Amino acid sequence: MARFKRAFAAAVITLLALTACGGDADETATPSARVVSEGEALPVGEIPEPQGEPVLYVFDSASGDEVRLDLATLERLRLEEWTLFEPFVERDMAFTGVPMTTLLDTVGVPDGATEVVFDALDDYQSVFTLEELRAGDVLLATSDDEGRMPIDRGGPIRIVFADGSVAGENPNLWIWSIRDMTFR
């Protein structure tokens, strides 16, 4: 019986240590996420024309093709709410938006594209590799814990990263008040 108790105690301690250290789990960040809406799968090439003001222009630099998306269309896609530490306001915040993997699947990634350039309304630019955007820890936020985001709060759309995201450690990649994204 004493042998069983020691083995059981060792197993519990090992389990607790692995949980605390992350064990052999995947080292990529996992956001504190809640699915808000499963959304629709809009086939590439069948994105509806905006009914409201476009908030995102998507360009293919090779072909010159353009897709325009309004908030209503973005919010028809899969929506998730992520709670994360926002480093510029230095507090935890909740953001709701479209996982970048969903957006890429919706607009379609042009053949040969290796990176995406995001431009803000003030002409600030962030350049991502497709690998960074497909990592599962990037969200195109359409609202924060105060609701829809006006320009003076970084809206109408912005990029946020899950806590622990490798790309999110680079402050130059945090971009808000996004105007367009260009595949190149």
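What the table shows:
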| item | result |
| --- | --- |
| Every residue from the stretch 105-139 that is part of a helix (DSSP H, G or I) and in contact with a helix residue (DSSP H, G or I) (Cβ under 8 Å, 6 or more places away or on another chain) | 130, 132, 133 |
| Number of the condition not met by residue 182 [criteria: (1) open to solvent by 20 Å² or more (accessible area, probe 1.4 Å); (2) at pLDDT 95 or above; (3) more than 21 Å from residue 44 (Cα to Cα); (4) not acidic (Asp, Glu)] | (3) |
| Looking only at the stretch 70-85, and only at residues there that are open to solvent by less than 40 Å² (accessible area, probe 1.4 Å) and either of a type in the set (Val, Ile, Thr) or touching a Phe, Trp or Tyr at 6+ places or on another chain (Cβ under 8 Å) (or both), the one that is farthest from residue 174 (Cα to Cα) | 73 |
| Qualifying position, being surrounded by 15 or more Cβ atoms within 10 Å (Cβ to Cβ), more than 15 Å from the chain's Cα centre (by Cα) and of a type outside the set (Asp, Glu), among 158, 148, 153 | 153 |
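The values are calculated or read from the model by the stated rules, or taken from the named source; none is laboratory data. Just so it is clear, the structure is predicted and the values come from calculations on it, not from any experiment. Please note: Cβ atoms are built from the backbone with ideal geometry, for glycine as well, and neighbour counts cover all protein chains shown. Note: areas computed on protein heavy atoms with side chains; ligands, DNA, RNA excluded. Shrake-Rupley method; radii C 1.70, N 1.55, O 1.52, S 1.80 Å.
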